[in-house]
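A quick write-up on the structure given underneath.
Read-outs throughout are calculated quantities, based only on the coordinates presented, and are distinct from any laboratory measurement. Not measured: the values here are computed from a predicted model. Here the Cβ positions follow ideal geometry from the backbone for every residue, glycine too, while neighbour counts run over all protein chains shown.
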C-alpha cells in the first residue's frame, strides 16, 4: 500500500487550526454536559437506573437517548471523560463529514442493539461512544492511505488497546453488550465511509511538470510515450554534432584546412 504525504497547505493552514479548535470545543462541551448531568443527579439524589436502557421493556426505550449521558457514579464518569475528549476531538477533526454519520449511529445504534439483545439489566454510560470511536479511528487508519489517519490509528491502539477486553462478558457489572454493539457499528462505518474525508495529498514537482504537457484538447495532447519518442529522436540527431565537438582542437583545424 502506497502511503500518501498530505498537502501542507491543507494540514498547516489557518483553517485546519480553526477546525481543530472547534473539534476540541465540541468534545469539551459534551464532557461538560455529562458532568453537569452527573452533578445534577447527585444534588437531587437521583439514581441512574431511571435513565438507563432496560432491554425489551417499553419503559426502557427512553434510555436509548439518555443512557450515554448518565453514569453509575463519579468513578465511572472520571474513567470515561479523558477518552471522550481525546477520541471526540480526533473524530471531529480528522473525519468531520464522517462524524456527522458515525456519532449518531453509534450513539443511537448501540442503544437500540442493547434494548433488543442485552441482558435484563440497566445499562448506562458513554462507554459505547468510546468503543465506537476507537474502532472507527483504528480501522480507518488501517484501510486509508494518508499518514495522519495511520498515526491516529497507532496512537489509539497504543492508548486504548486494552479496551478490547471490554467486549467480552468477563467482568461483572460491565455492559459488554453496549461495547460490542458500538464497536461493530464503528467497524462497519469505517469500511463504508473509507472514501469520505480524504485529505488532499502533497503534489511533487515532477507531477506538476507532467501536467504542463497535458491540454484540454485530446487532439493536441502529447502522451508520455510520444514525448519519450521525440526526445530519443532529438538525441540521435544531435549525437554526431556532439561527437565532433569533443575532438581535439588540432584535429578540427586540420580538417578545416
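Residues of the stretch 79-104 with the amide nitrogen closer than 11 Å to a label point 7 Å from the Cα of residue 22, along Cα-to-Cβ, please.
Residues passing the 11 Å test: 93, 96-97.
If each residue of separation counts as 0.36 nm, what is the full-extension length gain between residue 158 and residue 85 once their alpha-carbon separation is subtracted?
Here the segment from residue 158 to residue 85 would lengthen by 24.6 nm.
Expressed as a whole number of Å, what is the distance separating the alpha-carbon centroids of the stretch 111-133 and the stretch 137-183?
16 Å
Nearest 0.05, what FRET efficiency do residue 57 and residue 97 give at R0 = 41 Å with Cβ-Cβ as r?
That pair, residue 57 with residue 97, gives E of 0.70.
Taking 0.36 nm per residue of separation and subtracting the Cα-Cα distance, what length does fully extending residue 191 through residue 145 add?
15.2 nm
Of 95, 131, 107, how do they rank once you tally other Cβ atoms within 10 Å and put the fewest first?
Neighbour counts put them in this order, fewest first: 107, 95, 131.
If we count other beta carbons within 10 Å of each Cβ, what is the order of 101, 119, 54, fewest first?
Result, fewest neighbours first: 119, 101, 54.
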